[in-house]
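Only one structure is covered here, and it is reproduced in the block below.
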Amino acid sequence: MESRDVVVVGGGVSGLSFAWHAARSGRKALVLEGSERLGGCLDSRRTPAGYWYELGAHTCYNSYAGLLEIIEGTGLRDRILPRGEARKRFAFLRGGAIDMLGPISVLMRFDKAELLRNVFRGMRASKEGATTCGWYSGVVGKRNYSRILAPFLSAVPSQSVDSFPAAGPGSLFKKRPRRKDVVKSFTLDGGLSSVIAAAAGSPGVETLTGAIVREVRTVGGGYEVRLADGRSFQAPVVSVAVPPSMASAMLRADFPDLSSELARVGMAATESVGVVVRREKVKLPEMAFLVPADDLFWSAVTRDPVPDPDWRAFAFHFKTGKTDDERRARIAQILQVEQGDFEEVTRRMTLLPSPVLGHDRTIAEIDRMLEGTRLALTGNYFEGLAIEDCVQRSIGQWARVSAA
Ligand SMILES: Cc1cc2nc3c(=O)[nH]c(=O)nc-3n(C[C@H](O)[C@H](O)[C@H](O)COP(=O)(O)OP(=O)(O)OC[C@H]3O[C@@H](n4cnc5c(N)ncnc54)[C@H](O)[C@@H]3O)c2cc1C
């Protein structure tokens, strides 16, 4: 059996940021990734013509300080691309018609009488113990919420957000540490996966793909990570950076209470389809994203904020249970192109957390159980969904286990 200073399970941004910090502190960190590709939800694709687009996460909002530390530390600072004019435009698809909007004009789509009846009382209500549906309906009115606000909020995690907590862990919005010297909203030349490749190539970080982890067990004063193919690795520090349902399964044998808490975090699946089309074929105006009132998909995100003279790309995030034919047909209809115009079609399946009221207690309980151990848990179900939330959680977990 091989051993390392640190073994990280899961090669998404949570796992790689943990490994990067461990390596920067002089440890040898091994990242075990189950699939053949590092990055998880950071999934930039490149066509044979060299055009790149995002099938997963697409934007760093609010100049993510923790991620920037890695971007700068891996020499990627000059690859930062500010997002262009299209970032300010988005579309609402309702009754077959596309309504082009901006941050202000979306407010004009609310029923004003309903908004005025609710907004002053609603804004004074506490978010504590309220669901997203409960609190935001109180502010804009129930009809305004279900007709307009809910589709936009649900587009963020590609699932209904009605039962998400309105505040605290698991809620959609939070303040993040911000760097004033860097543009607020950006991506990277080549796509966000560039930071994954750079972190994976850093001194002290070793990665193994196709390494499906089945179990994390305690041995002696440390841990043993067992793979599905029979290999295993030992380390005094292990970080589990996979979705909570999978972390729960890996930890069941030796950490049954922790495993039960992790199993409380619900998950929702999304099936994403990316298409690349020649620019001249698409009549749709340039926009950052499109949200339907009610459709087969939650949202479609474009690469228009970083325009290309020849190509446009769209990532549609679909509800589950649709066939590939249905998905492709709907994309062609919306883009008003023939399916034969798709130069490239790519797909991915994603699992994202579905937090509900009480998520804060679940997280507090998980953290209490981790106290005093050198087992770290990181991911997008702790501080929030955003890339930066994952990096901040990993920074905090590395600080805790390295001091333990
Ligand atoms: C479509 C989409 C768009 C998004 N857009 C944005 C955005 O614009 N900005 C933003 O800030 N955030 C965005 N997010 C959120 C953000 O990208 C994710 O929350 C974050 O990347 C999650 O990272 P992670 O490492 O915690 O999890 P993941 O990315 O899910 O990584 C977990 C990894 O663990 C691996 N794994 C699972 N099981 C095993 C196993 N048994 N053994 C070994 N490996 C295993 C998986 O293969 C995966 O690579 C978006 C998310 C999605 C899905």
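Assorted remarks:
- Of all residues making up region 369-404, the number that are surrounded by fewer than 22 Cβ atoms within 10 Å (Cβ to Cβ), more than 9 Å from the ligand (Cβ to nearest atom) and under 24 Å from A166 (Cβ atoms): 2
- S14 fulfils the conditions (1) over 13 Å from L188 (Cα atoms); (2) among the small types (G, A, S); (3) in a loop (DSSP other than H, G, I, E, B) except for a single criterion, (3).
Yes/no per residue for (1) in contact with a Leu (Cβ under 8 Å, 6 or more places away or on another chain); (2) near the ligand (Cβ under 9 Å from one of its atoms); (3) within 13 Å of L192 (Cβ to Cβ); (4) among the β-branched types (V, I, T):
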residue	(1), (2), (3), (4)
K28	no, no, no, no
A49	no, no, no, no
G56	yes, yes, yes, no
L76	yes, no, yes, no
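- Hits in region 212-240 - residues which are part of a strand (DSSP E or B), within 14 Å of the ligand (Cβ to nearest atom) and open to solvent by 20 Å² or more (accessible area, probe 1.4 Å): R214, E215, R226, S232
- Helices (runs of 4 or more DSSP H) within region 111-203 that include 3 or more residues outside the structural domain of A22 (by TED's automatic domain parsing) and over 19 Å from the mean Cα position of the chain (by Cα): 112-124, 132-140
- Across region 1-15, the number of residues qualifying as more than 22 Å from the chain's Cα centre (by Cα) and either surrounded by fewer than 24 Cβ atoms within 10 Å (Cβ to Cβ) or within 12 Å of the ligand (Cβ to nearest atom) (or both) comes to 6.
- Residue in region 82-101 that is under 30 Å from G191 (Cα atoms), part of a loop (DSSP other than H, G, I, E, B), without any contact (Cβ under 8 Å) to a residue 12 or more places away in the chain and away from the ligand (no atom under 16 Å from the Cβ) present: no
- Failed condition for F18, given (1) open to solvent by 30 Å² or more (accessible area, probe 1.4 Å); (2) touching a Ser or Thr at 6+ places or on another chain (Cβ under 6 Å): (1)
- Taken over region 288-341, the criterion of being of a type in the set (F, W, Y) and open to solvent by less than 20 Å² (accessible area, probe 1.4 Å) is satisfied by F297, F314, F316, F318.
- Check on A315, within 13 Å of the ligand (Cβ to nearest atom) and either in contact with a strand residue (DSSP E or B) (Cβ under 8 Å, 6 or more places away or on another chain) or under 15 Å from V276 (Cα atoms) (or both): yes
- Residue list for region 364-392, restricted to those being part of a helix (DSSP H, G or I) and over 15 Å from L352 (Cβ atoms): A364, E365, I366, D367, R368, M369, L370, E388, V391, Q392
- Some residue of region 246-258 being open to solvent by less than 10 Å² (accessible area, probe 1.4 Å), farther than 30 Å from W52 by Cβ, within 18 Å of the chain's Cα centre (by Cα) and touching a residue at least 40 places away in the same chain (Cβ under 8 Å): yes
- Verdict on E36 being within 15 Å of the ligand (Cβ to nearest atom), acidic (D, E), open to solvent by 60 Å² or more (accessible area, probe 1.4 Å) and outside any strand (DSSP E or B): yes
- Near pairs, Cβ below 7 angstrom, 6+ apart or cross-chain, from region 147-166 (within 16 Å of D111 (Cβ to Cβ)) to any residue that is within 16 Å of the ligand (Cβ to nearest atom): P151/V291; P151/P292; F152/V291
- Test: residue in region 180-188 that is within 15 Å of the ligand (Cβ to nearest atom), under 25 Å from D99 (Cα atoms) and either open to solvent by 50 Å² or more (accessible area, probe 1.4 Å) or among the basic types (K, R) (or both): no
The values are calculated or read from the model by the stated rules, or taken from the named source; none is laboratory data. Because the structure is a prediction, the values reported are computed rather than measured. All Cβ positions, even for glycine, are placed from backbone atoms using ideal geometry, and neighbour counts span all protein chains on display. Surface accessibility is based on the protein's heavy atoms, side chains included, excluding ligands, DNA and RNA. Shrake-Rupley method; radii C 1.70, N 1.55, O 1.52, S 1.80 Å.
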